[in-house]
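The values are calculated or read from the model by the stated rules, or taken from the named source; none is laboratory data. The shown structure was predicted, so the numbers you read here are calculated from the model rather than taken from an experiment. Here Cβ is always computed from backbone atoms with ideal geometry, including for glycine, and neighbour counts include all displayed protein chains. Remember, those area values only see protein heavy atoms, side chains included, never the ligands or the DNA or RNA. Shrake-Rupley method; radii C 1.70, N 1.55, O 1.52, S 1.80 Å.
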Amino acid sequence: MDALDALINRVSAPRLIDPAPTAEQREQLFRAALRAPDHGQLRPWRFLTVEGDARHALGELFAEAIAGKYPDADEEALTKARNMPLRAPLLIVVIARTQEHPKVPAQEQVLAAGCAAHGILLAAYAQGIGAVWRTGELSHDPLVDAGLGLAGNEQVIGYLYLGTPQRELRAVPQVDTGEFVSTWMGNA
């Protein structure tokens, strides 16, 4: 697939089924991630793959976090949390790993990790793999962070759900670039 095609036509695939990406496809996903802009070559990211029974364990961690945050949460809310990781055969937890640096502020490092996540999404689309980037309150929950083994300088950027699209991908919405681009003429 042409790079511009992937950049212009990628869409999220929220309904995913087996099979998960193969080992060869995953290698390409992570190779693409590692090409993200990286001022200072700090590689301010890391990735956790979650599949098989580990998805159930992650669901239990999610339910525990919801129960801790909302003591009155009903069984429906806890079941929903437990089922979140089961929406795809493979999840990749994208983690920003920031460090002190005199020329690369933490915010720039977090943005680089976000670019790495985007690289995975683009590489997935280019290989015909369905993918969607999800966040929400469980992507910045201290209990979930601890359960995933995050260090104090790490934060979850998002959960990438990957698999085979259950249905045909939706058409790319057509947006006028003129709504977002203008020319700056200087301070006159």
Note to self: Given the options G163, A3, L86, identify the residue whose Cα lies farthest towards the positive end of the charge dipole of the chain (+1 on Cβ of Lys, Arg; -1 on Cβ of Asp, Glu).
What the structure shows: A3
Check: Scanning the chain for trypsin sites (Lys or Arg not before Pro) in DSSP loops with at most 13 other Cβ atoms within 10 Å, what's the longest stretch left with none?
Finding: 36-102
Margin query: At 222 nm, what value in deg cm²/dmol follows for the chain if DSSP H runs of at least 4 each add -39500 (n - 2.57) and the sum is divided by all its residues, to the nearest 500?
Written below: -11500 deg cm²/dmol
Next item on the list: Report the chymotrypsin sites (Phe, Trp or Tyr not before Pro) located in the stretch 87-188 that are in a DSSP loop and have at most 10 other Cβ atoms inside 10 Å of their Cβ, or state none.
Entry: F180, W184
Notebook entry, point to check: Got the relative contact order for the stretch 112-188 handy, in percent, Cα pairs under 8 Å and 6 or more residues apart?
Noted result: 32 percent
Next item on the list: Within the set of other residues whose C-beta is less than 13 Å from the C-beta of P37, count the net charge using Lys and Arg as +1 and Asp and Glu as -1.
Entry: 0
Notebook entry, point to check: Taking the Cα centre of the stretch 3-167 as the origin, how large is its charge dipole in debye, to the nearest 20, when only Lys and Arg (+1) and Asp and Glu (-1) carry charge on their Cβ atoms?
Noted result: 600 debye
Checklist line | Cα centroid of the stretch 81-108 to Cα centroid of the stretch 112-188, whole Å | finding: 10 Å
Next item on the list: Keeping the other protein chains in place, figure out the carbon and sulfur percent of the accessible area of the chain, with a 1.4 Å probe.
Entry: 53 percent
Next item on the list: Can you list which of the GluC sites (Glu not before Pro) found in the stretch 93-188 are DSSP loop residues with at most 11 other C-beta atoms within 10 Å?
Entry: E100, E168
Note to self: Under the rule a/c < 1.5 gives rounded, and otherwise a/b versus b/c splits prolate from oblate, where does the stretch 12-119 land using the Cα gyration tensor?
What the structure shows: oblate
Notebook entry, point to check: Per residue, what accessible area does the chain have, given a 1.4 Å probe and all protein chains present, in Å²?
Noted result: 59 Å²
Checklist line | Relative contact order, percent, the chain [alpha-carbon distance under 8 Å, six or more residues apart] | finding: 35 percent
Note to self: With Rg and Dmax of the Cα atoms in Å as the read-out, I listed (1) 15.9, 50; (2) 24.9, 94; (3) 18.3, 62; which label goes with the value calculated from this structure?
What the structure shows: (3)
